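The structure under discussion appears below in the form of C-alpha cells.
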Amino acid sequence: MRYTQEQISVALLLLKTTGSPTKVIQTLGYPSSPMLYHWRDNYPEYYDVPDQKHWKQAPSELKQRVIKRCFIDGESVKLVAEEIGYTPSLIYKWIREYREKGHFSSMKKTTANIDVNPTDIKSAEDINALKAQMLDMQMEIDILKETIDVLKKDPGVDQTVLKNREKAVIIDALKNKYSLPMLCVKLNLAKSSYYYQEKAIHTEDKYLELRKKIIQLFHDNRDIFGYRKIHMLLRNEGTIVSEKVVRRIMKQEALIVKQRHKHKYNSYKGEITPAVGNVIDRDFHADKPNQKWLTDITEFSIKASKVYLSPMIDCLDGMPVTWTIGTSPNSELANTMLKNAIATLYPGEKPIVHSDRGCHYRWPEWIKIMEDAGLTRSMSKKGCSPDNSACEGFFGHLKTEMFYGHNWDQYSIEEFIHEIDDYMHWYCKDRIKSTLGGLSPLDYRRSIGAAV
C-alpha cells in the first residue's frame, strides 16, 4: 500500500509528540513499526525539531486560534501550518506547552485571558473540550511511562493486553494525579476489578514459604527442572500441593529452563571392520542392572577447545555406569571407559553393549576387550539414530541441563571437564526421573534392592 505525503507527515508528527510507535499505530491505524521508523529516517523534514525563533515570535492569540482549528474544528495540522507559515511540528509544540502549563508563556493562567478574543474561541465549551483532550493525551503518556518504568515492559507494548493486576499497579502509581474513574476507563478496568486486585496485592502471600522452597529447589538442581520435577521433589519431601500451583509460582518467579539444540558429533569413519547385527533392536527395557548397556561419544565445543564425553548407560534406569572425558575422541577414550565399566560387573554378568557404527567400536582393540570379557556386541543401522535413542536422550538431557544456556568462555579445559564430571555424579545420585517414580537412579536401585 502506498501512503501519501500527508499521511506520512501526520504519522511522524504524532510520533514526535507521543514518542510511542504503538500509540501512532493505534490512533491512525497505520503503518507498521518498521515502516514508521523508515519514514523517520528518510523524511527528516517532518520529524526534526524546527527553528526555535518561530516559537518566541508567534503571538498567544495565534497559538490559541491554531489549537482550536486543529483539535476542536478538526482541520488538518499540515494545512493549517502551511496557511499560517509555521511548521507542523511547531504547532505540536504549542499543544504540548498548553497541555503541560495550562497556558502559553505570554499569557496569564486565567479563563478571562483565554476568552480575550471571542471570535477565535467561540465558547467555554470549546475551551473545556480542548483541555479535556489534552488531559487525556497527558494521561496516556503517563500510563505509558508507568508501564515502562514500573512494569518494566517494552516501550512498544500494547496496553490493551495488560493483565488486571498490572493495570491496578499502574492506577496505584497515578491515582494521586488523576481520578480513579478516569484511570479505570482509560485502562478498560472495572472499578470492582481494581478493588479486587488491590486487595489481592496487599494480602499476605499464602504460598510464601512454598514459593521460597520452589526457588531453592530450582536453583539447587542447576536451574534445569520444570514444574513436574519440582512437584516430584516437593512430594518426596512430604509437601502436598497441586502441580498447577507449582507451575503458576514458577511462572511468576520466572523460573524458566533454558533450551538449545546443536549439531551432534559424528564418529562414523566408514566400514573399518565388519559390523554386527542390532541385537537390542530398540528394546531398551531391562529387568535388572547390567543386562543392557548403551554407549556413544558426544562433543562439547567451548572457547578453550573441544571436549568429548564417552559414557556407558545402563538400560535399567539410565544410570551412567562409568564415563571418560577427554580432549580427543580417540580409542583410548572409548577403551578406557569400556574397561572401567567391565570392572564394575559381578561374576556371571554379561551385558549386551549397544553402540552406533562409529570407528571407536570397530577398532580391533575394542573388539578384543569385548570378546575377552564375554560381552555381546550390538550396533545400530548406518545413520539411524533411533536405534540408539535411549543414549541420545541421555545426551539431550545432559546438554540442555548442563551445557546450553551457559557462558563457558572463561572456563579452562580442566575447569570444564570438572563441570561435566560433577554433573555426571549429580545425575546418578540426585537427578530424579518421572519414569523411576520421582527417584534418582541410585535411589531407585536401593529401592529394588539392587547392588550399588
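The values are calculated or read from the model by the stated rules, or taken from the named source; none is laboratory data. What you are looking at is a predicted structure, and each value in this text was computed from that prediction instead of being measured. Every residue, glycine among them, receives a Cβ derived from its backbone with ideal geometry; neighbour counts consider all protein chains shown. Keep in mind that these areas ignore ligands, DNA and RNA; they rest on the heavy atoms of the full protein, side chains included. Shrake-Rupley method; radii C 1.70, N 1.55, O 1.52, S 1.80 Å.
A few comments on the model shown:
- Residue match in the range 222-236 (condition: assigned to a loop (DSSP other than H, G, I, E, B), modelled with pLDDT under 85 and among the charged types (D, E, K, R)): yes
- Scanning the range 332-348 for residues that are in a helix (DSSP H, G or I) and either over 13 Å from Leu375 (Cβ atoms) or of a type outside the set (A, V, I, L, M, F, W, C) (or both) yields Glu332, Leu333, Ala334, Asn335, Thr336, Met337, Lys339, Asn340.
- Residues that are assigned to a loop (DSSP other than H, G, I, E, B) and surrounded by 14 or more Cβ atoms within 10 Å (Cβ to Cβ), drawn from the range 187-209: Leu187, Leu189, Tyr207
- Selection of the range 363-421 for residues being within 39 Å of the chain's Cα centre (by Cα), of a type in the set (Phe, Trp, Tyr) and not in a helix (DSSP H, G or I) yields Tyr404, Trp408, Tyr411.
- Of all residues in the range 72-85, those that are touching a residue at least 12 places away in the same chain (Cβ under 8 Å), assigned to a helix (DSSP H, G or I) and surrounded by fewer than 18 Cβ atoms within 10 Å (Cβ to Cβ) total 1.
- Of Lys339, Lys429, Lys381, all but one fail to be under 15 Å from Arg222 (Cα atoms) and either open to solvent by 50 Å² or more (accessible area, probe 1.4 Å) or of a type in the set (Lys, Arg) (or both); the exception is Lys429.
- Only residues that are open to solvent by 60 Å² or more (accessible area, probe 1.4 Å), within 23 Å of Val80 (Cβ to Cβ) and not in a loop (DSSP other than H, G, I, E, B) were counted in the range 1-41, giving 5.
- Pairs, first closer than 17 Å to Trp426 by Cβ and without any contact (Cβ under 8 Å) to a residue 60 or more places away in the chain in the range 390-406, second open to solvent by less than 20 Å² (accessible area, probe 1.4 Å) and assigned to a helix (DSSP H, G or I), C-beta under 9 Å, six or more apart: His397/Tyr427
- Hits in the range 307-365 (condition: among the hydroxyl-bearing types (Ser, Thr, Tyr) and closer than 22 Å to Leu436 by Cα): Thr322
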